[in-house]
Amino acid sequence: MGGVPWKRVELAALVLYALGFYLVVIRKSLRLSHDYSGRLYGLRAGSLAGHLNDLSDAQWRNFRGNLPILTGVMAAFLILVNTLRYCYGLKGRGTALVWLILSLSYLCYLHGACVVFIILIALINYSMVKICTHYKYCTSLIWSFNLSVLILNRVYEGYSFSLFGQNLAVLDNYRGTFRWHICFNFVVLRMISFGCDYCWTIHSSHFDHKKHMQKCQVCYSGKTCYFALQEKGLGVDRYTFLTYLCYLTYAPLYIAGPIVGYNAFAAQLEVPQKNYSFAQISLYGLRWILSFLLMEGMTHFFHYNAFVVSRLWQQLSPFEIFIISYGVLNFMWLKFFLIWRYFRFWSLVGGVETPENMPKCINNCHDLESFWKSWHASFNRWLVRYLYIPLGGSRRKLLSIWVIFTFVAVWHDLEWKLVSWAWLTCLFFIPEILVKSLSNKFQASSPLGMLVHREFKAIAGAVTISCLMVANLVGYVVGPSGIKVLISKMAGKEALPALAFIFTTFYVGVKLMFHIREASSSQQG
């Protein structure tokens, strides 16, 4: 090879393959969107080159449609809060009071009279935490109460006022513009966070800040990172009903997160975040605008989600089903990326830093663990702190993942397709955990051994991505009822070339991820 390192040759070949793959996918996607446009549900008049816009996803359609009024509310709230902070030097309870008043007015517009349910449940949870915090099973009581609320909210669809007496039935005419029990899923996480943080502060705090500073570049520089804010217990007097209610209803994060722990939130009411400068926040906002334009282009030219809503996937070939599934995953990633970063931007300008959801592109994850750490990253941190570690952490990992993913499914909704997705994910997670454990024990020293180890990791990564695609196909595309049809399509001889091509593509993708990580590590080094 004329002295050219083999990795450079491999990288060139991988890039050429990836370019060819995306050219094929783009061409096929354009053809599918054009040929089936008359039979797809959810398409609306578009604004780009006469193309129809895919607004079949209700969540994206509502967010996009409400962006103008939402941005107006954001601007008004931020101007008012930051002006009062600057003029009167508000901290802690003063800031909490201002945000609580604004947030409750926001909730009254969203939920109308149903705000009563939110405040009542919040009050019961707060009282239970304060009364039971010295008992041994306090956290178990907190979890039991909140899981019950989560399930009952769904079963009774947010309750009707008539359930509590016909004289209250008139209030059912004033339920606002947004179903309160959908947003309340995030409130449940915050109530658990408040309760557990308070209990652990009362009993003990094992966070070693000095040891953390040695490893954390942010804290070592004199600032305080989010992790340190969350892990450090606050003074007992900081767990007040005012701050608690402000935390539950905090307008920037109320609808969709990202999820912030109580300790970190309350600390930043006292001292607003300083980890992001004005220039960094402005650049963050500019990147969001560019990402929004990318989404507009995607939904105008590629109608992936409309195929799922219209259930036309059953009429497609195995390779076309893969393209639609891959497109839906990328659409979902970009949708949540935009929603979460919009509200995080709002929170950052308001002085509260939260964990970043979607820190890594969906196409740059080759194992389930990194995928979930990079998807809903703030939720992942929440699950680690309040569920994974209390369940035993790495000592009981094979058992705890079943509890965690079942909770994640139920938290999203009471649907069998989500439970099926959760259990399939756990089934696929177990081999990965075992393979990683064996891989960590294997130390390759020779060049041949390192090459074999690298190839083994690439093949394992391709298998993992295939499993992830299957789990998400069941969860978000075909549903449990479509599994038989999907198996019949993929098990035929005519599907073998397509499956071989798909697996080869995943293998190439994993190899590219290796190169990206190596390049990133060398730059940091």
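Quick look at the numbers
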| item | result |
| --- | --- |
| FRET efficiency, 1/(1 + (r/R0)^6) with R0 30 Å, evaluated for Lys215 and Ile389 via beta carbons | 0.95 |
| Residue-averaged 222 nm ellipticity for the chain, from DSSP H runs of 4+ at -39500 (n - 2.57), nearest 500 | -22500 deg cm²/dmol |
| Dipole magnitude of the stretch 147-278, debye to nearest 20 (Cβ charges: Lys/Arg +1, Asp/Glu -1, about Cα centre) | 380 |
| FRET efficiency, 1/(1 + (r/R0)^6) with R0 35 Å, evaluated for Ser47 and Thr406 via beta carbons | 0.25 |
| For Gln273, distant residues with modelled amide H under 5 Å away | Val352, Glu353 |
| Between the stretch 286-340 and the stretch 77-113, the alpha-carbon center distance in angstrom | 37 |
| Dipole of the chain [Lys/Arg +1, Asp/Glu -1 at C-beta], most positive-end residue of Phe456, Ser160, Trp60 | Phe456 |
| Net length gained if the chain between Phe503 and Leu70 were fully extended (0.36 nm per residue, minus Cα distance) | 151.6 nm |
| Range of Cα positions in the chain per principal axis (Å), largest first | 70, 58, 45 |
| Residues whose placed amide H lies under 5 Å from that of Cys225, excluding near-sequence neighbours | Cys219 |
| Label-zone membership for the stretch 92-112, site Leu80, 7 angstrom Cα→C-beta point, backbone N under 13 Å | 97-109 |
| Check: the chain dipole with +1 on Lys, Arg Cβ and -1 on Asp, Glu Cβ, in debye | 720 |
| Normalised contact order of the chain, rounded percent, pairs of Cα under 8 Å and 6 or more residues apart | 18 |
| Accessible surface, the chain, averaged per residue in Å² (probe 1.4 Å) | 49 |
| Cβ-derived FRET efficiency at R0 22 Å, Ala58 paired with Lys484, nearest 0.05 | 0.20 |
| At q = 0.16, 0.17, 0.19, 0.22 Å⁻¹, base-10 log of I(q)/I(0) for the stretch 299-410 (Debye sum, equal scatterers on each alpha carbon) | -0.93, -0.99, -1.09, -1.18 |
| Whichever aspartates and glutamates have a C-alpha closer than 13 Å to that of Lys489, once near sequence neighbours (fewer than 8 apart) are set aside | Glu320 |
| Carbon + sulfur, % of accessible area of the chain - ligands and nucleic acids excluded, 1.4 Å | 66 |
| Estimated vicinal HN-Hα couplings, Hz - the stretch 160-168 in sequence order (Karplus 6.51, -1.76, 1.60; Gly, Pro = x) | 10, 5, 5, 4, 9, x, 5, 6, 9 |
| Neighbourhood net charge (12 Å Cβ-Cβ; Lys/Arg +1, Asp/Glu -1) for Tyr276 | +1 |
| Per-residue HN-Hα couplings for the stretch 308-321 [Karplus 6.51, -1.76, 1.60; θ = phi - 60°; Hz; x = Gly/Pro] | 5, 4, 7, 6, 8, 4, 5, 8, 9, 6, x, 5, 5, 4 |
| Two-site label geometry, Val24 and Arg93: point separation in nm, points 7 Å out along Cα→Cβ | 6.6 |
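The values are calculated or read from the model by the stated rules, or taken from the named source; none is laboratory data. What you are looking at is a predicted structure, and each value in this text was computed from that prediction instead of being measured. Cβ: placed from backbone, ideal geometry, glycine included. Neighbour counts: every protein chain shown. Please note that ligands, DNA and RNA were not included when accessible areas were found on the heavy atoms of the full protein model with its side chains. Shrake-Rupley method; radii C 1.70, N 1.55, O 1.52, S 1.80 Å.
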